[in-house]
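Asks: Right, I'll just put the structure down here and ask away after.
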Amino acid sequence: MMEQSNVLRGQLSSFAHLIFRSRLLIGLVILFSAGTIYFASTAGAAGIDLGVTAQKAWDSVLNKADAQTKLTLKQAYDKVGNWKTQEQVWEQKIKTLHAANTAELERLRVEIRQIDDAKVAALAEKVKQTQARYEPLFALYSSVNRQLDAAKAIKNKEWSAAIRTQADTLKPVVQVAREDIRIKKKELAEARKRKTAEIKRLRAMLAGADSTKKQIQTAKKQASLAKERYSNALQQFKQSTKQSQTSRVLSSLNTLASAAEKWAGSKQNIHTLEQKVSTTYVKVRQEIAKRPK
């Protein structure tokens with residue numbers, strides 16, 4: 001009897017566990033299905049935003065239409081949605097690329113401004129150190145020449161001769177020192193000249209994107225006009241759905257699709273121009289990268 005009771009309790013436990021797993025599985029299926037339905041509806045609704053009233057009017061038009069007409073209307077509607085979705089995609093791409101171009105332009109400007117800074121600074125420091133090293137020599141040479149002038153003034157031949165000998169000994173050494181300083185100053189001047197020329201060249205390359213940026217401004221105006229045409233066409237479509245005339249609804253949908261296509265095309269054009277700007281910056285970056293460090 002005890003064994004039968006234990007067996008019965010074991011069977012009940014297994015059965016309860018099975019029910020729990022089944023309910024869990026069913027719950028996951030329902031949750032996954034709901035998520036799939038939501039995703040599908042969200043993806044489908046990403047195109048045209050009609051609003052509650054216009055959506056009801058559109059649904060009413062579809063419900064009244066025969067099967068073939070309903071299919072034609074849906075295809076036209078989906079076409080509008082597809083172009084509108086593309087417009088949104090291009091807009092996001094434009095924002096991302098424009099932000100990257102803006103950041104890269106700032107980096108390039110800084111790097112160009114700092115071109116050869118280290119080299120010029122090192123040469124300037126070398127000139128400064130060289131001048132400091134020879135300063136005692138120049139001071140001594142000046143002192144000897146003053147003494148020579150004083151000896152000449154009092155017409156002391158022995159003193160003059162001794163001082164002249166010292167001056168003559170120092171003169172070639174001073175000339176060598178001055179030549180050393182002159183050469184280092186010349187190197188510094190040439191480095192600064194090269195720096196200025198290189199900055200000018202690279203900035204000219206950057207400026208190559210200016211004409212494209214002007215085209216972008218023009219393209220943005222065209223996109224704004226395309227958006228306005230789309231908005232007007234959308235209002236006409238909403239108005240036609242209220243009148244429930246299938247032919248007018250289809251005609252307005254085709255007009256809306258055409259407007260959406262032009263709007264998406266205008267955004268694609270802007271993105272293409274932003275890519276041209278990016279290409280210019282890449283070339284400048286390459287020029288900076290291949291410079292000797």
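The values are calculated or read from the model by the stated rules, or taken from the named source; none is laboratory data. Fair warning: this is a prediction, and the values are worked out from it, not measured in the lab. Note that each Cβ is placed from the backbone with ideal geometry, even for glycine, and that neighbours are counted across all protein chains shown. Ligands, DNA and RNA are stripped out before the accessible areas are found, and what is left, the full protein with its side chains, is counted by its heavy atoms. Shrake-Rupley method; radii C 1.70, N 1.55, O 1.52, S 1.80 Å.
Asks: Collect the residues in segment 237-247 that are open to solvent by 40 Å² or more (accessible area, probe 1.4 Å) and of a type in the set (S, T, N, Q), keeping them in residue-number order.
Replies: Passing the criteria: 239, 243, 244, 245, 246, 247.
Asks: Only residues in segment 179-191 that are closer than 23 Å to residue 115 by Cα count as the first member; pair them with residues that are open to solvent by 70 Å² or more (accessible area, probe 1.4 Å) and among the basic types (Lys, Arg), Cβ under 9 angstrom, at least 6 apart or cross-chain, and list the lot.
Replies: 184/126; 187/126; 188/126; 191/119
Asks: Based on what the data block shows, is residue 83 in a helix (DSSP H, G or I) and touching a Leu at 6+ places or on another chain (Cβ under 8 Å)? It would help to see each step written out before you state the result.
Replies: Working: in a helix (DSSP H, G or I): yes; touching a Leu at 6+ places or on another chain (Cβ under 8 Å): no.
Against the criterion (in a helix (DSSP H, G or I) and touching a Leu at 6+ places or on another chain (Cβ under 8 Å)), residue 83 does not qualify.
Asks: So if I check each of 246, 280, which one is under 26 Å from the mean Cα position of the chain (by Cα) and polar (S, T, N, Q)?
Replies: 280 is the lone residue from the list that is under 26 Å from the mean Cα position of the chain (by Cα) and polar (S, T, N, Q).
Asks: A further question on this structure: Can you say whether residue 195 is open to solvent by less than 50 Å² (accessible area, probe 1.4 Å), among the charged types (D, E, K, R), in contact with a helix residue (DSSP H, G or I) (Cβ under 9 Å, 6 or more places away or on another chain) and closer than 30 Å to residue 282 by Cα, as far as the supplied structure shows? So that I can check it myself, show each step before the final result.
Replies: Details: open to solvent by less than 50 Å² (accessible area, probe 1.4 Å): yes; among the charged types (D, E, K, R): yes; in contact with a helix residue (DSSP H, G or I) (Cβ under 9 Å, 6 or more places away or on another chain): yes; closer than 30 Å to residue 282 by Cα: yes.
The answer is yes for residue 195.
Asks: Give the number of residues within segment 84-109 that are under 15 Å from the mean Cα position of the chain (by Cα), open to solvent by less than 60 Å² (accessible area, probe 1.4 Å) and of a type in the set (Val, Ile, Thr).
Replies: The number of residues fulfilling the criteria is 1.
Asks: Let me ask you something else. For segment 17-35, indicate whether the set of residues that are at pLDDT 85 or above and either in a helix (DSSP H, G or I) or under 32 Å from the mean Cα position of the chain (by Cα) (or both) is non-empty.
Replies: Within segment 17-35, none of the residues are at pLDDT 85 or above and either in a helix (DSSP H, G or I) or under 32 Å from the mean Cα position of the chain (by Cα) (or both).
Asks: What is the one condition in (1) farther than 30 Å from residue 52 by Cα; (2) modelled with pLDDT of 95 or more; (3) open to solvent by less than 90 Å² (accessible area, probe 1.4 Å) that residue 266 does not satisfy?
Replies: Every listed condition holds for residue 266 apart from (1).
Asks: Looking at this structure, is residue 171 outside any loop (DSSP other than H, G, I, E, B) and within 41 Å of the chain's Cα centre (by Cα)?
Replies: In short, no.
Asks: Continuing with this model, one more query. Considering only residues that are in a loop (DSSP other than H, G, I, E, B) and more than 46 Å from the chain's Cα centre (by Cα), look in segment 47-72 and name the one that is nearest to residue 253 (Cα to Cα). Explain how you work it out, then say what you get.
Replies: So the first thing to find is which residues in segment 47-72 are in a loop (DSSP other than H, G, I, E, B), and the list is 47-51, 65-66.
Cutting the leftovers down to more than 46 Å from the chain's Cα centre (by Cα) gives us 65-66.
Values: 65: 15, 66: 17 Å.
Here the answer is 65.
Asks: If I filter segment 253-263 down to residues being open to solvent by 30 Å² or more (accessible area, probe 1.4 Å) and not acidic (Asp, Glu), which single residue comes out as farthest from residue 228 (Cα to Cα)?
Replies: Per the criteria, the residue is 254.
Asks: Please state which one of 234, 250, 225 is open to solvent by 70 Å² or more (accessible area, probe 1.4 Å) and over 30 Å from residue 108 (Cα atoms).
Replies: Exactly one residue qualifies, and that residue is 225.
Per-residue answers, yes or no, for (1) out of contact with any Asp or Glu (no Cβ under 6 Å at 6 or more places or on another chain); (2) at pLDDT 90 or above; (3) open to solvent by 70 Å² or more (accessible area, probe 1.4 Å):
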{"residue": "127", "(1), (2), (3)": "yes, yes, no"}
{"residue": "133", "(1), (2), (3)": "yes, yes, yes"}
{"residue": "143", "(1), (2), (3)": "yes, yes, no"}
{"residue": "156", "(1), (2), (3)": "yes, no, no"}
{"residue": "164", "(1), (2), (3)": "yes, no, yes"}
{"residue": "176", "(1), (2), (3)": "yes, yes, yes"}
{"residue": "184", "(1), (2), (3)": "yes, yes, no"}
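Asks: Residues in segment 73-83 that are closer than 18 Å to residue 248 by Cβ and open to solvent by 50 Å² or more (accessible area, probe 1.4 Å): how many?
Replies: Residues in segment 73-83 being closer than 18 Å to residue 248 by Cβ and open to solvent by 50 Å² or more (accessible area, probe 1.4 Å): 3 in total.
Asks: Quick one: how many residues across segment 201-210 are assigned to a helix (DSSP H, G or I) and surrounded by 12 or more Cβ atoms within 10 Å (Cβ to Cβ)?
Replies: Taking segment 201-210 and keeping what is assigned to a helix (DSSP H, G or I), we get 201-207, 210.
Add one more test, that the residue is surrounded by 12 or more Cβ atoms within 10 Å (Cβ to Cβ), and what stays is 201-203, 205-206.
Number of matching residues: 5.
Asks: If residue 232 satisfies all but one of (1) free of Cβ contacts under 8 Å to residues at least 60 places away in the same chain; (2) within 30 Å of residue 126 (Cβ to Cβ), what's the number of the condition it fails?
Replies: Result: residue 232 passes all but (2).
Asks: Only one of (1) under 36 Å from the mean Cα position of the chain (by Cα); (2) outside any helix (DSSP H, G or I) is not met by residue 155, so which one is it?
Replies: Only one criterion is unmet by residue 155, namely (1).
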